[in-house]
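Enquirer: What follows is a structure written as structure tokens; I'll ask about it next.
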Amino acid sequence: MHRAAVATLVLCALATAGCRAGDAPPVPVSTAAHVADAAPRITRVASGLEHPWGLALLPDGRFLVTERPGRLRYVERDGRLSAPIEGVPAVWAQGQGGLLDVALAPDFASSRRVYLTYAEAGADGTAGTAAGYGVLDGPRLTGFSVIYRQEPKLEGPNHFGSRLAFDRAGHVFISQGERFQRMRAQDLSMLQGKLVRLTLDGAIPPDNPFVGRSDARPEIWSYGHRNVQSLSIDPRTGKLWEAEHGPRGGDEINLPQPGKNYGWPIASHGKDYATPFPYPETKGTDVPGMESPYHVWMKSPGLSGMAFYTGHPGSKWNDSLFLGALADRCLIRLTLDGDRIVSEERLLEDRKLRIRDVRIGADGAVYVLTDEDDGELLRLEPPR
């Protein structure tokens, strides 16, 4: 769908909850109707976490939580926090950098592999996003192996991403940011502003879209991304979804396809932080050869964390997509009809907490992390 169609949908959304442009797949744009629903039951599982960033649910009912300063901890079922787990790599904990996402390998039950993303220091004050895995062995992570390093490393404390997602074919997707250097997202010889795809051991899949091109990094899956802090595979279809921060306006959801250009900063709905105008590089919201966002917010919620709520047909939340919101300090629930986004509901608004990550438990509960000095792990039960 072209950005002109997206603009039409913006006008439709102002009048209704959304509209359809001919037979094209709908791309609803938020200013959306917020669905009034019964309140969920909210329980505090744990507190005392220092800017928690990533959350993984262990099969035994415990949790793994990253803290941005560089600590990985267990949260016990009763909410007690463990001492920091040993064997975590050193992180560059400045600005938005630090220890970021945590995810269990698809074969965690047998391999005990735990994957991490983090900001890694380089020479002369530079840093970049990195990813790797170790084997979880009680109070330690053993044999940590780095499988990805963003190159080149750059100065500055912003836009590291980063989330992990595993597809059904033995690949790991690693998101990142453009390190607040906008045009690097368009440069295929650099890894900033790219979504990358690797094997679980860090090798480059031979069918990655830019393999064999001398002017492009073979790790790249898609490009033109700004700062991707939301990434998930839809368990119903196996499709990859991502959400990224716009600047001032223009947060967006995309369904990244191999080799496609998602526009930043040449195509954007956002504006320069310092002026009421788009950045100088921005040519508009519809630029030939660049993909339109699947869903866009004209006012940025500050999206971080993403989880599909599926497989619970008795729940009022079944077939939903949850996203954390940092700037708007809430949890966003998008109701899905297949891939189509049909409505939006905002939860936890009264608590005014920055929501950094969201995960779904096998029991149908939703778990969220709050990005605070005294961060919390909360459990939400859907309304009955």
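The values are calculated or read from the model by the stated rules, or taken from the named source; none is laboratory data. Bear in mind that the values here come from a model prediction, so they are computed numbers and not experimental data. Cβ sites come from the backbone with ideal geometry, for glycine too, and all protein chains shown count toward neighbours. In case anyone asks, the SASA skips ligands and DNA or RNA and just uses the protein heavy atoms, side chains included. Shrake-Rupley method; radii C 1.70, N 1.55, O 1.52, S 1.80 Å.
Enquirer: Going through the range 117-141 one residue at a time, which ones are part of a strand (DSSP E or B) and among the β-branched types (V, I, T)?
Expert: Of everything in the range 117-141, those that are part of a strand (DSSP E or B) and among the β-branched types (V, I, T) turn out to be T117, T129, V135.
Enquirer: Can you tell which of L99, L104 is open to solvent by less than 10 Å² (accessible area, probe 1.4 Å), at pLDDT 95 or above and within 18 Å of the chain's Cα centre (by Cα)?
Expert: Answer to the check: L99.
Enquirer: Among all residue pairs at least 6 apart or on different chains, which show Cβ distances below 8 Å where the first residue, located in the range 365-381, is open to solvent by less than 10 Å² (accessible area, probe 1.4 Å) and the second is of a type in the set (K, R) and not in a strand (DSSP E or B)?
Expert: Between residues of the range 365-381 that are open to solvent by less than 10 Å² (accessible area, probe 1.4 Å) and residues that are of a type in the set (K, R) and not in a strand (DSSP E or B), the close pairs are T370/R354; D371/R354.
Enquirer: In addition: If I ask for residues that are open to solvent by 10 Å² or more (accessible area, probe 1.4 Å), of a type outside the set (S, T, Y) and part of a loop (DSSP other than H, G, I, E, B), which ones from the range 223-246 would you list?
Expert: Correct list: P235, R236, G238, K239, H245.
Enquirer: Return yes or no: is L336 at pLDDT 95 or above and open to solvent by 10 Å² or more (accessible area, probe 1.4 Å)?
Expert: Yes; evaluated as a whole, the condition is true for this residue.
Enquirer: For F180, indicate whether it is at pLDDT 95 or above and in a strand (DSSP E or B).
Expert: Judged against the criteria, F180 is not a match.
Enquirer: When the residues of the range 259-268 are filtered to those that are open to solvent by less than 70 Å² (accessible area, probe 1.4 Å) and without any contact (Cβ under 8 Å) to a residue 60 or more places away in the chain, which remaining residue is farthest from R226 (Cα to Cα)?
Expert: Here the residue is G259.
Enquirer: I'd like to know if the range 138-151 contains one or more residues that are more than 21 Å from R226 (Cβ to Cβ), more than 21 Å from the chain's Cα centre (by Cα) and crowded, with 21+ Cβ neighbours inside 10 Å.
Expert: Checked against the condition, which is being more than 21 Å from R226 (Cβ to Cβ), more than 21 Å from the chain's Cα centre (by Cα) and crowded, with 21+ Cβ neighbours inside 10 Å, the range 138-151 yields at least one hit.
Enquirer: Go through the range 285-322 and count every residue that is open to solvent by 10 Å² or more (accessible area, probe 1.4 Å), in contact (Cβ under 8 Å) with a residue 40 or more places away in the chain and among the polar types (S, T, N, Q).
Expert: Counting residues in the range 285-322 that are open to solvent by 10 Å² or more (accessible area, probe 1.4 Å), in contact (Cβ under 8 Å) with a residue 40 or more places away in the chain and among the polar types (S, T, N, Q) gives 5.
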